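**Student:** Before we start, here is the structure in question, set down as structure tokens.
Computed from the coordinates by the stated procedures, all read-outs in this text should not be read as laboratory data. These figures come from a predicted structure and were not determined experimentally. Cβ placement follows ideal geometry from the backbone for every residue including glycine, while neighbour counts extend to all protein chains displayed.
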Amino acid sequence: MTDKIRVRFAPSPTGHLHIGGARTALFNWLYARHNNGTFILRIEDTDTTRSTDEYIEAIIEGMKWLGLDWDEGPFRQTDRFDVYRNYADQLIKEGRAYYCYCSPEELEARRKESMAQGKSLKYNGKCRDLKGPVPGIKPVVRFRMPVAGQTIVDDLIKGMVTFENEQLDDLIILRSDGTPTYNLTVVVDDVDMKITHVIRGDDHLNNTPKQIQLYNAFGYPVPKFAHLPMILGSDKARLSKRHGATSVMAYYDMGYLPEALVNYLVRLGWSYGDQEVFTRDELVKYFSFENVGKAAAVFNPEKLLWLNSQYIINSSTDKLAELVIPFLEKNGVIEKGQGMDMAWLSKAVGTLKERSKTMVELANSLRYYIAEDVEYNEKAKEKFLTEKSRDLLAALKEALTAVPEFSHHELEQVFKSVVETHGVKLKDLAQPVRVAMTGGTESPGIFEVLEVLGKEKTVTRLERAIKGI
């Protein structure tokens with residue numbers, strides 16, 4: 001086996017890249033990058049009835065969005081069927097595998113009988129020592145497992161896990177139609193790709209002793225295993241869509257930044273002191289299995305949302321302005337492909353990013369800056385666009401029309417002047433103006449808002465508000 005660390009992420013394209021799969025990919029990627037190793041992407045698409053090219057593309061899209069670049073691949077198992085059959089033939093010739101002619105109906109009847117008697121449900125070995133073929137039946141190929149002793153998994157996370165060989169089944173490695181099964185393909189691929197570390201979810205742990213016996217049968221070194229604890233929902237049940245465990249790209253659609261999701265995923269089971277927020281370079285530098293916990297991790301949507309808000313706050317306004325464009329298009333705030341003054345958009349984003357937990361929120365908040373007009377919240381209009389505020393708004397409009405420079409400082413002076421002249425408090429003017437500008441009662445500082453809107457839009461909106469009173 002090579003000294004260089006080689007790991008792989010091997011999803012089945014029977015669905016989108018989900019949270020659990022993304023975390024497995026991330027831990028493989030981090031381990032490879034931490035050790036200057038090789039990260040391989042392998043598509044395990046032997047389930048031809050459920051695997052689709054669309055799902056393969058979706059998995060690749062999710063990986064790219066998360067920034068999990070691979071060094072080799074993507075390899076597809078369906079391109080390697082001949083390789084698997086050759087390995088199976090080798091095992092048959094050496095007496096380590098055998099043809100099994102038992103029909104599915106026969107096996108099911110035997111299984112029910114064993115259940116009724118409280119016996120083991122493993123295959124009873126009927127065809128183990130069969131001398132010749134059974135005419136008219138297409139056999140499967142079973143691997144001959146040892147019947148005594150133990151198989152020990154020396155796991156980097158769980159420690160020593162012992163399996164009694166007498167409990168292990170003579171697993172099927174080739175189906176009757178000649179297609180290979182998971183346990184054969186995964187071992188053959190890991191051998192051919194010189195995988196040194198198998199990092200995967202602990203739902204695969206029960207497959208590991210079978211795979212170790214296959215490695216031994218082929219005469220190849222057994223890679224090191226690291227089985228990651230499961231991710232649970234807040235109710236401690238296995239994570240599912242009802243917990244928000246939708247596809248990774250659904251988190252993009254909801255306005256999450258990939259850096260935030262990566263940071264959150266790595267903290268599902270791994271820690272480094274009390275640190276919560278990590279740069280990607282820090283994750284690569286600090287990652288090790290010594291800090292991966294044995295207990296299942298609990299998915300907390302609120303924590304992810306908080307983390308996302310931190311990443312938005314700490315991102316440059318220029319970057320956020322670029323990222324928000326697709327969300328503005330999707331929400332109909334701008335036309336698809338519409339040109340934007342990016343310097344102006346960046347300035348507008350700067351006033352809102354500390355108030356936005358997601359890119360969707362940011363795009364929605366930008367609506368009142370970009371739209372020609374705003375829709376008033378009826379309660380806000382009723383409370384603040386009143387006879388009492390009309391004179392104040394009119395005075396402000398007149399004063400602003402004459403302002404040569406629409407800057408924060410100048411705007412502040414104009415507001416002070418109007419307030420002093422009319423003997424009112426600043427909030428008595430600011431709230432009606434806020435409703436006139438944004439349609440609602442919450443926004444960044446009113447001077448910031450007006451500065452971003454500019455004189456023309458501000459005056460137009462004041463005129464509309466005055467007319468509507």
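**Student:** With contacts defined as alpha carbon pairs under 8 Å and 6 or more residues apart, what's the relative contact order of segment 378-468 in percent?
**Tutor:** It comes to 40 percent, rounded to a whole number.
**Student:** Could you state the number of Å between the C-alpha centres of segment 425-444 and segment 332-360?
**Tutor:** Here the answer is 21 Å between Cα centres.
**Student:** State the cysteines of the chain left without a partner when partners are defined as other cysteines whose beta carbon lies under 4.7 Å away.
**Tutor:** Result for the chain is Cys102, no neighbouring Cys Cβ within the cutoff.
**Student:** Given charges of +1 on the Cβ of Lys and Arg and -1 on the Cβ of Asp and Glu, with all other atoms neutral, how large is the dipole of the chain about its Cα centre, in debye to the nearest 20?
**Tutor:** So the dipole magnitude of the chain works out to roughly 1260 debye.
**Student:** Taking the dipole about the Cα centre of segment 217-280, with the C-beta of Lys and Arg at +1 and of Asp and Glu at -1, give me whichever of Leu261, Met230, Val248 is farthest to the positive side.
**Tutor:** About the Cα centre, the residue reaching furthest to the positive side is Met230.
**Student:** Oh, and also: Rounded to the nearest 20 Debye, what is the dipole magnitude of segment 359-438 about its Cα centre when Lys and Arg each give +1 and Asp and Glu each give -1 at the C-beta?
**Tutor:** For segment 359-438, the charge dipole is close to 300 debye.
**Student:** Quick one: compute the contact order of the chain, relative version, from alpha carbon pairs under 8 angstrom and 6+ residues apart, as a percent.
**Tutor:** Relative contact order here is 13 percent.
**Student:** So how strong a dipole does segment 1-141 carry about its Cα centre when Lys and Arg Cβ are +1 and Asp and Glu Cβ are -1, to the nearest 20 debye?
**Tutor:** Dipole of segment 1-141, to the nearest 20 debye: 740 debye.
**Student:** Could you tell me how many degrees, from 0 to 90 and to the nearest 10, lie between the Cα long axis of helix 19-34 and the main elongation axis, the longest principal axis, of the Cα atoms of the chain?
**Tutor:** Between the helix axis and the principal axis of the chain, the angle is about 80 degrees.
**Student:** If the cut-off is 21 Å between C-alpha atoms, which lysines fall inside it for Lys112, apart from same-chain ones fewer than 8 positions away?
**Tutor:** Candidates past the 8-residue exclusion: Lys122, Lys126.
**Student:** Using helices alone, I'd like the mean residue ellipticity at 222 nm for the chain: each DSSP H run of four-plus residues gives -39500 (n - 2.57), total over residue count, nearest 500.
**Tutor:** So the helix-based figure for the chain works out to -15000 deg cm²/dmol.
**Student:** When the Cα centres of segment 218-248 and segment 404-421 are compared, how far apart do they sit, in Å?
**Tutor:** After rounding, the separation between the Cα centres reads 59 Å.
**Student:** Would you mind pulling out the separation of the Cα centroids of segment 128-202 and segment 262-278, in Å?
**Tutor:** 35 Å
**Student:** Please enumerate, by chain and number, the lysines with C-alpha under 28 Å from the C-alpha of Lys194, excluding those fewer than 8 residues away in the same chain.
**Tutor:** List returned: Lys4, Lys64, Lys93, Lys158, Lys210, Lys224, Lys285, Lys294.
**Student:** Give me a comma-separated list of calculated 3J(HN,Hα) values for segment 66-71, in order, Karplus coefficients 6.51, -1.76, 1.60 applied at θ = phi - 60°, integers in Hz, x for any Gly or Pro.
**Tutor:** Rounded to whole hertz, the list is 6, x, 9, 6, 10, 9.
**Student:** Can you tell me which lysines have their Cα less than 19 Å from the Cα of Lys347? Leave out same-chain residues fewer than eight positions away.
**Tutor:** Those lysines meeting the cut-off are Lys319, Lys357, Lys455, Lys457.
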